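Novice: Okay, handing you the structure first.
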């Protein structure tokens with residue numbers, strides 16, 4: 001760090017005064033990891049546009065479908081996240097990511113070979129196992145490739161994988177399905193006839209092998225030393241890791257908890273909003289996928305960039321708890337559009353209200369990552385990222401779609417009540433998420449101030 005720069009009285013005022021700048025390798029790695037993250041969301045969420053055909057072919061209910069979409073994918077995705085993160089804190093992160101991408105791409109293609117519920121369930125598990133190896137090592141790599149002053153923007157760009165991938169899963173999935181539906185599916189060597197929804201899985205899974213090739217040009221980054229953070233590959237013991245979390249429990253419970261609850265809402269909308277438009281208003285599958293997909297790509301991406309990039313200027317102005325504070329603001333603001341959208345009297349208003357909801361629900365991701373990375377020692381970052389992903393995916397990915405389906409099937413007892421199930425989520429979860437983020441602000445300011453002063 002540049003020790004010649006004087007420390008000002010405003011914490012974070014000289015956050016950008018660092019001697020090192022990201023080079024071409026950093027931006028190339030960011031681009032490839034972003035492409036991988038986009039593809040991961042396409043492969044995991046493409047099922048949202050295939051609900052009707054899968055239910056019809058396999059003769060299953062909304063609840064059974066939700067187990068395929070959420071639980072099957074997430075059961076090992078969640079469990080393996082922390083062990084993989086510990087491995088990433090000890091060893092080569094690039095090869096962990098490469099192995100994961102190869103595995104989930106093959107398993108996504110195998111989803112297209114499934115002929116029954118059990119086979120598709122197992123293939124979805126494989127997709128989740130592979131994707132578990134992406135984000136924790138990627139977060140750690142980016143934190144070493146980019147200096148602290150530029151990490152918030154790097155993470156905001158990486159978080160575009162959620163919006164672009166989620167949007168493309170709806171758009172690409174809708175158009176690919178429509179193409180093969182018109183042709184009556186396809187005939188593959190050794191496999192024979194494959195239906196339109198099965199060919200959709202094969203079509204979105206195969207491009208992962210290209211990402212694997214692009215990763216070969218990335219070098220494993222050296223681990224960065226910042227202040228009292230230890231930049232070694234030896235990691236840390238579990239006892240030390242849990243003691244550190246316990247010491248800062250209000251911060252981690254607040255940020256990770258708020259992130260998890262907002263993720264429940266995000267995955268609930270991603271899994272069911274297209275089907276809500278189809279069932280409630282009679283919108284065609286292709287049009288609903290295109291409309292909601294464009295919202296994710298355009299509005300959701302704007303939310304990720306605008307909110308993520310606003311953190312650094314806020315810190316420079318002395319708002320040192322900006323990442324955590326942004327979580328609180330989003331939890332408060334998203335309640336109205338997220339609840340009102342599904343209750344709209346017409347599809348136009350439902351689409352309009354989905355715009356601010358997805359803007360905000362894609363905006364919290366970057367600040368959440370930044371908040372955790374800024375207060376966590378280097379040797380623990382992948383593990384903390386994995387812990388956050390564990391709870392976000394346990395509640396959001398595993399339970400988010402299933403909560404909506406359970407309300408529809410077991411509470412309202414009517415497929416046409418899907419709109420009410422979607423509206424319940426923000427009403428129940430936003431106040432709790434806001435409270436968790438609020439109680440983390442004071443201890444977060446206390447913990448992050450010395451780090452920003454050291455970087456000034």
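Just so you know, all these numbers are worked out from the coordinates, no wet-lab data involved. If you're wondering where the values come from, they're calculated on a predicted model, not measured in any experiment. Cβ placement follows ideal geometry from the backbone for every residue including glycine, while neighbour counts extend to all protein chains displayed.
Novice: May I ask you to derive the FRET efficiency for residue 336 and residue 206 from their Cβ-Cβ distance with R0 = 25 Å, giving the value to the nearest 0.05?
Specialist: 0.05
Novice: What ranking do 129, 404 get, fewest neighbouring Cβ atoms within 10 angstrom at the top?
Specialist: So the ranking, lowest neighbour count to highest, is 129, 404.
Novice: Further question on the same structure: Taking 41 Å as R0, compute the FRET efficiency from the Cβ-Cβ separation of residue 56 and residue 219 and round it to 0.05.
Specialist: Efficiency, rounded to the nearest 0.05: 0.25.
Novice: Taking Cα atoms, how many degrees apart are the long axis of helix 24-45 and the longest axis of the chain, rounded to 10 and kept between 0 and 90?
Specialist: 30 degrees
Novice: Can you tell me which of 238-246, 22-30 comes out highest on packing, and rank the rest after it, using the mean Cβ neighbours within 10 Å?
Specialist: 22-30, 238-246
Novice: Follow-up question, since we're still on this one. Pairing the Cα long axis of helix 285-294 with the longest principal axis of the chain, what angle in degrees results, from 0 to 90 and rounded to the nearest 10?
Specialist: Compared with the principal axis, the helix lies near 10 degrees.
Novice: Quick one: which of 296-303, 120-127, 210-217 comes out on top by average Cβ neighbours within 10 Å, and what's the full order, highest first?
Specialist: 296-303, 120-127, 210-217
Novice: Express the relative contact order of the range 297-362 as a whole percentage, based on alpha carbon pairs under 8 Å and six or more residues apart in sequence.
Specialist: Relative CO of the range 297-362 lands at 48 percent.
Novice: Moving on. Quote the relative contact order of the chain in percent (integer), defining contacts as alpha-carbon pairs under 8 Å separated by 6+ residues.
Specialist: 27 percent
Novice: Note down the nm distance, to one decimal, between modelled labels 7 Å out along Cα→Cβ at residue 352 and at residue 329.
Specialist: The answer from the label model is 2.5 nm.
Novice: Which of the peptides 46-55, 405-414, 59-68, 361-370 is most tightly packed, and how do the rest follow, going by the mean number of other Cβ atoms within 10 Å of each residue?
Specialist: In descending order of packing, they fall as 361-370, 46-55, 59-68, 405-414.
Novice: Report the gain in length on full extension from residue 246 to residue 116: 0.36 nm times residue separation, minus Cα-Cα distance, nm rounded to one decimal.
Specialist: So the chain would gain 42.3 nm between residue 246 and residue 116.
Novice: Let me make sure I get this right: for the range 380-450, a, b and c are the square roots of the gyration tensor eigenvalues over alpha carbons, sorted descending. Under 1.5 in a/c it's rounded, otherwise prolate if a/b > b/c, else oblate. Which is it?
Specialist: oblate
Novice: Which order results if 344, 388 are arranged by neighbouring Cβ count within 10 Å, fewest first?
Specialist: Ascending Cβ contact count within 10 Å gives the list 344, 388.
Novice: Turning to a different aspect of this structure: Obtain the nm distance between the two label points defined at residue 99 and residue 21 by a simple spin-label model: each point lies 7 Å from its Cα along the Cα-to-C-beta direction.
Specialist: A separation of 3.7 nm, rounded to one decimal place.
Novice: Sticking with this structure for a sec: For the range 317-398, rounded, prolate or oblate, judged on the Cα gyration tensor with a ≥ b ≥ c (square roots of eigenvalues), a/c < 1.5 rounded, else prolate if a/b > b/c?
Specialist: oblate
Novice: Continuing with the same structure: Any chance you could run the full-extension gain for residue 183 through residue 90? It's 0.36 nm times the residue separation minus the Cα-Cα distance, nm to one decimal.
Specialist: Stretched out fully, the residue 183 to residue 90 stretch lengthens by 28.5 nm.
Novice: Next up: Go through [x] 5, 22, 32, 25, 12, 4, 1, 0; [y] 4, 20, 25, 24, 18, 7, 1, 0; [z] 4, 19, 28, 27, 17, 4, 0, 0 and flag the label whose value is the computed P(r) over Cα pairs in 10 Å bins from 0, in percent for this structure.
Specialist: [x]
Novice: Another question, then. Multiplying the sequence separation of residue 79 and residue 309 by 0.36 nm and subtracting their Cα-Cα distance, what value in nm do you get?
Specialist: Extending this stretch completely gives an extra 79.6 nm.
Novice: May I ask you to derive the relative contact order of the range 372-456, considering only C-alpha pairs under 8 Å and at least 6 residues apart, and to give it as an integer percent?
Specialist: Worked out over the range 372-456, it gives 28 percent.
Novice: Quick one: if you stick a label point 7 Å off each Cα along the C-beta vector at residue 417 and residue 317, how many nm between them?
Specialist: According to this spin-label approximation, the distance is 4.6 nm.
Novice: Could you list 321, 89 in order of exposure, starting from the residue whose Cβ has the fewest other Cβ atoms within 10 Å?
Specialist: 321, 89
Novice: Once a ≥ b ≥ c are taken as the square roots of the eigenvalues of the Cα gyration tensor of the range 75-172, is the result rounded (a/c under 1.5), prolate (a/b larger than b/c) or oblate (a/b not larger than b/c)?
Specialist: It comes out oblate by the Cα gyration axes.
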